[in-house]
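Engineer: Let me begin by handing over the structure; questions about it come next.
Read-outs: derived from the displayed coordinates by stated rules, not from any lab. Source: prediction; values computed, not measured. Backbone-built Cβ (ideal geometry, glycine too); neighbour counts: all protein chains shown.
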Amino acid sequence: MEDESFINELQSGDSGAFRKLLKLYRSLVYNTCLGMLQHAEDAEDMTQEVFIEVYRSVKNFRMESKMSTWLYRVATNKCLDHLRSKQRGKRSGETVRIDGEVNVQIPAGHNFSHPGVALEQKERAKILFAAISCLPENQKVAFTLAKVEGLSYQEICEVMQMKLPAVESLVHRAKQNLKNLLKNYYQSEK
Amino acid sequence: MEKRSFNPEEEAELTLKSLDGISRADAPGALDEKIISSIESMRRGKMRPAKWLWVAGIALMLINGAVAFIYLSPSGENQENTAVSAQQSSTISDVGSYYFSEGGAWY
């Protein structure tokens, strides 16, 4: 948990405290945005937007959760908004069944390479990220926080403000959907 | 060398594990300054109207004060008017005292 005086400094608009916040959390926010948006420039812009939002609303931060949890929440919500506005422009053939099972194909030409992936896994990770982009919103957030940010289920519960069984179920369904998507992809590649 | 047969299910499982051990991507170094400068400009933008409001408010008060001083001070024509009305009031009071000294009867 952050030092209360640090939060107070932030809330009083201290620029030194804000620089410290940036230094501490810029990679956390950037990496979350990168995992969600799968586009380096969009992730940079989104990181900027997240910190501007944090600057505007830090006065309302009531220290009930950790600063990192709050930042994850702001970042994932902003990214979802961005993805929604991007999606609005183009109608995809994606259909999601009521139980959350995805009935879609991995889009061709998806070529996102995460810089943190080991070299020998780069090609597989590209395909996995393409599959992640097809998941329903909640599953995408839960899976990205778990696998890209390495958060525990308990931490994901706090970020997404959900109960533990709900998060476990989301991650489980995300894995099932990804497995099906990938299996179909490799079958068509065969 | 024996060639491994291609199994989609197995490939899917392996792909699903490709993010194991992923490390956090570092944010570009220039991003900090970009964020700070956009927050600074936002802060300046926020300050500007308030600062101008103060300046405009004080200027308005000074102008009001000056106008009040010029029009309400007893100088020039105004002073003459004031003198005339003082004279008039003294004339009326003289008439009053004459009326009473003569037993209250008008001639």
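Engineer: Measure nothing but the geometry: give the 0 to 90° angle between the long axis through the Cα atoms of A:137-147 and the longest principal axis through the Cα atoms of chain A, rounded to 10°.
Structural biologist: So the inclination is approximately 80 degrees.
Engineer: Can you give the extra length, in nm with one decimal, that the chain gains between A:LYS59 and A:GLN11 once fully stretched, where that is 0.36 nm per residue apart less the Cα-Cα distance?
Structural biologist: Here the answer is 16.8 nm.
Engineer: Given N residues in chain A, what is its alpha carbon radius of gyration divided by 2.2 N^0.38 Å?
Structural biologist: Rounded to two decimals, the normalised Rg is 1.10.
Engineer: For chain A, take the longest principal axis of its alpha carbons; what is the angle in degrees between that and the long axis of helix A:40-57, to the nearest 10 within 0 to 90?
Structural biologist: Result, in degrees: 40.
Engineer: Rounded to whole Hz and in sequence order, give me ³J(HN,Hα) for segment A:3-19 from the Karplus expression 6.51 cos²θ - 1.76 cosθ + 1.60, θ = phi - 60°, writing x for Gly and Pro.
Structural biologist: With coefficients 6.51, -1.76 and 1.60, one gets 4, 5, 5, 5, 5, 4, 4, 4, 5, 8, x, 5, 6, x, 5, 5, 4 Hz.
Engineer: For A:GLU137 and A:LYS20, calculate 0.36 nm times their separation in residues minus their Cα-Cα distance, and state this gained length in nm to one decimal.
Structural biologist: Extra length available between A:GLU137 and A:LYS20 comes to 39.0 nm.
Engineer: Go through A:LYS59/A:LYS175; A:LYS66/A:LYS86; A:LYS140/A:LYS163; A:LYS66/B:LYS51; A:LYS122/A:LYS179 and tell me which ones have a Cα-Cα distance over 28 Å in this structure.
Structural biologist: A:LYS59/A:LYS175; A:LYS66/A:LYS86; A:LYS66/B:LYS51
Engineer: At a 10 Å Cβ-Cβ cut-off, how would you order B:GLU10, A:GLU64, fewest neighbours first?
Structural biologist: Least crowded to most crowded, the residues run A:GLU64, B:GLU10.
Engineer: Using Cα-Cα distances under 8 Å and only pairs 6 or more residues apart, what relative contact order does chain A have, in percent?
Structural biologist: About 21 percent, as a whole number.
Engineer: Given the -39500 (n - 2.57) contribution per DSSP H run of 4+ residues, what per-residue ellipticity at 222 nm results for chain A, rounded to the nearest 500 deg cm²/dmol?
Structural biologist: Rounded to the nearest 500, the figure is -22500 deg cm²/dmol.
Engineer: May I ask you to sort B:PHE6, A:PHE6 by Cβ crowding, counting other Cβ atoms within 10 Å and putting the fewest first?
Structural biologist: Placing the least packed residue first, the sequence is B:PHE6, A:PHE6.
Engineer: What ³J(HN,Hα) values, in whole Hz, does the Karplus curve 6.51 cos²θ - 1.76 cosθ + 1.60 give for segment A:20-33 when θ = phi - 60°, with x put for Gly and Pro?
Structural biologist: My calculation for segment A:20-33 gives 5, 4, 4, 4, 6, 10, 4, 6, 4, 5, 4, 5, 5, 5 Hz in order.
Engineer: Here's another thing I want to ask about it. Any idea how far apart B:TRP52 and A:ASP3 come out in nm if each label point goes 7 Å out from Cα toward Cβ?
Structural biologist: Using points 7 Å along Cα→Cβ, the separation is 4.0 nm.
Engineer: Something else about it: Explain nothing, just compute: Karplus ³J(HN,Hα) = 6.51 cos²θ - 1.76 cosθ + 1.60, θ = phi - 60°, for every residue of segment A:58-75 in order, whole Hz, x for Gly and Pro.
Structural biologist: The phi angles translate into 5, 4, 8, 6, 9, 6, 7, 10, 6, 4, 4, 4, 5, 5, 4, 5, 4, 5 Hz.
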